[in-house]
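All remarks here apply to the structure that follows.
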Amino acid sequence: MAARRRGPALRLCAAVFLLDLAFCKGHVEDLDDSFKENRKDDIWLVDFYAPWCGHCKKLEPIWNEVGLEMKSIGSPVKVGKMDATSYSSIASEFGVRGYPTIKLLKGDLAYNYRGPRTKDDIIEFAHRVSGALIRPLPSQQMFEHMQKRHRVFFVYIGGESPLKEKYIDAASELIVYTYFFSASEEVVPAYVTLKEMPAVLVFKDETYFVYDEYEDGDLSSWINRERFQNYLTMDGFLLYELGDTGKLVAIAVIDEKNTSVEHTRLKSIIQEVARDYRDQFHRDFQFGHMDGNDYINTLLMDELKVPTVVVLNTSNQQYFLLDRQIKNAEDMVQFINNILDGTVDAQGGDSILQRLKRIVFDAKSTVVSIFRSSPLMGCFLFGLPLGVISIMCYGIYTADADGGYIEERYEVSKSEPDGPEPAGESQEPPEPGAGASLLPAPQEPKDVLEKKKD
């Protein structure tokens, strides 16, 4: 009876799930070649996908949720998806080179999304890029609200100036990553001290930093370096993004499930240095921790013991390992200063030798991962070609051996003398090719033989 009751309930749940799925899909438009002509009338958030792409299939339910959320909050951004393999000319026109590719199309502009593929991050990207490039902050209340809402944002303070033009240019390039605001000096919090006007500030980590053209160089490069919080939980995607900043990345490599003193101590030391020495190091260093050493081992092409601290230069693939025991923040600061003054030797790099080593390491890792995930598939992929090559080599070798044997017999037969052998030696049957016929001698007729006897 219980099984009979559960049957209709399960069917009802399945029906509700399918209806929800269809409802979510209804807010994502399937785009075709007519999209090229009609898109400029609206702002579009588009997923360019390939039907066979595994990452695209993983993104599909998230994308349906994005479409539903954008519709429910009344966003002016329309959400769509396009099969880039069926409409390859349109996809190539928008610069699609991989799958999935997420772009926000706004008039003649196309913005690439490069963040994590989560619903909240994609929606925030759509809101940020679809709005005004530079958003005004008219009051202190609005300023405080932005501080609570955004972990990192930039503010231009002042009137019209060449610096503002540079700020607008930088914002048009980097709006895909962070928010840009403008405000008057009266709106800025009282704890902010400005030596000169106009100015560009970044607010993060419960403090602020002022752009200095003499020390920081190009404004766009400075914004790109400062768009991250000073301390981060690292992963592969974030390390890739940090490669554009030119900063060194100091990472505590730990096991977050391990609550031993050594693991927690190294993490707290890195956090302390990031907090208490940020004025000294924020231009050159990024700090954080990473759970596990799998990704780091891939970068270093080596087995790194956990817990430990490693300093990465993601722009040229160099790294620095500890040359001392880190007992406190002062030891870590001394290690960082030694890296900056060049007394700690860098390892790795992007030399030709390191690139060849990387090719061998990647090939080995790929083979091992295939055999670990599917031994039968690994045997098939690598065993079949090796078997074919072995059979070919065996055939070539045996063919050469047979040819040599025949040639040797031919040479021996040619070297035999044409004249009669000396008396007393037994006569051997003639070899083939030595001038003697292999056919039997024809027998004479019987009547001729009888006449000879007579």
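The values are calculated or read from the model by the stated rules, or taken from the named source; none is laboratory data. Predicted, not measured: the structure shown is a model, and the values here were computed from it. Because the Cβ atoms are built from the backbone with ideal geometry, glycine has one as well, and the counts that use them run over all protein chains shown. Just so you know, the surface numbers come from the protein's heavy atoms only, side chains and all, with ligands and any DNA or RNA stripped out. Shrake-Rupley method; radii C 1.70, N 1.55, O 1.52, S 1.80 Å.
Here are the numbers:
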quantity	calculated
Pairs, first within 15 Å of Leu248 (Cα to Cα) and in contact (Cβ under 8 Å) with a residue 12 or more places away in the chain in the stretch 299-323, second part of a loop (DSSP other than H, G, I, E, B) and open to solvent by 60 Å² or more (accessible area, probe 1.4 Å), C-beta under 6 Å, six or more apart	Asn316/Asp350; Gln317/Asp350
Residues of the stretch 160-173 satisfying the condition of being open to solvent by 10 Å² or more (accessible area, probe 1.4 Å) and of a type outside the set (S, T, N, Q)	Glu160, Pro162, Leu163, Lys164, Glu165, Lys166, Ile168, Asp169, Glu173
Unmet requirement for Met377, which otherwise passes all of (1) modelled with pLDDT of 85 or more; (2) in contact with a helix residue (DSSP H, G or I) (Cβ under 7 Å, 6 or more places away or on another chain)	(1)
Any chance Asp205 is among the acidic types (Asp, Glu), under 25 Å from Lys148 (Cα atoms) and open to solvent by 10 Å² or more (accessible area, probe 1.4 Å)	yes
The stretch 244-257: number of residues that are within 18 Å of Thr298 (Cβ to Cβ) and open to solvent by 20 Å² or more (accessible area, probe 1.4 Å)	1
Count - residues of the stretch 71-105 that are part of a strand (DSSP E or B) and open to solvent by 60 Å² or more (accessible area, probe 1.4 Å)	1
The one condition in (1) in contact with a Cys (Cβ under 6 Å, 6 or more places away or on another chain); (2) farther than 21 Å from Leu109 by Cα that Tyr49 fails to fulfil	(2)
Residues within the stretch 33-52 that are at pLDDT below 90, surrounded by fewer than 16 Cβ atoms within 10 Å (Cβ to Cβ) and closer than 17 Å to Thr101 by Cβ, tallied	1
Total residues in the stretch 148-157, condition touching a residue at least 40 places away in the same chain (Cβ under 8 Å) and either open to solvent by 60 Å² or more (accessible area, probe 1.4 Å) or touching a Leu at 6+ places or on another chain (Cβ under 9 Å) (or both)	5
Residues (more than 29 Å from the chain's Cα centre (by Cα) and of a type in the set (S, T, N, Q)) located in the stretch 325-366	Gln325, Asn328, Gln334, Asn337, Asn338, Thr343
Helices (runs of 4 or more DSSP H) enclosed by the stretch 161-251 - at least 2 residues per element that are among the hydroxyl-bearing types (Ser, Thr, Tyr)	162-174, 219-226
Among the residues listed as Val310, Val344, Val273, the single one being in a helix (DSSP H, G or I), under 30 Å from Phe209 (Cα atoms), touching a Phe, Trp or Tyr at 6+ places or on another chain (Cβ under 7 Å) and not assigned by the TED database to the domain that holds Asp216	Val273
Out of Tyr231, Tyr240, Tyr191, Tyr177, sole residue that is open to solvent by 10 Å² or more (accessible area, probe 1.4 Å), touching a His at 6+ places or on another chain (Cβ under 9 Å) and either within 24 Å of Val129 (Cα to Cα) or among the aromatic types (Phe, Trp, Tyr) (or both)	Tyr231
Residues of the stretch 334-362 that turn out to be exposed (fewer than 11 other Cβ atoms within 10 Å of the Cβ) and under 25 Å from Gln280 (Cα atoms), as a count	4
Residue match in the stretch 184-197 (condition: under 27 Å from Ile123 (Cβ atoms), at pLDDT below 95, basic (Lys, Arg) and not assigned by the TED database to the domain that holds Gly246)	no
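Yes or no, residue by residue, for (1) more than 27 Å from the chain's Cα centre (by Cα); (2) closer than 20 Å to Asp345 by Cβ; (3) not in a strand (DSSP E or B):
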{"position": "Thr259", "(1), (2), (3)": "yes, no, yes"}
{"position": "Gln286", "(1), (2), (3)": "no, no, no"}
{"position": "Met290", "(1), (2), (3)": "no, no, no"}
{"position": "Thr298", "(1), (2), (3)": "no, no, yes"}
{"position": "Asp323", "(1), (2), (3)": "yes, yes, yes"}
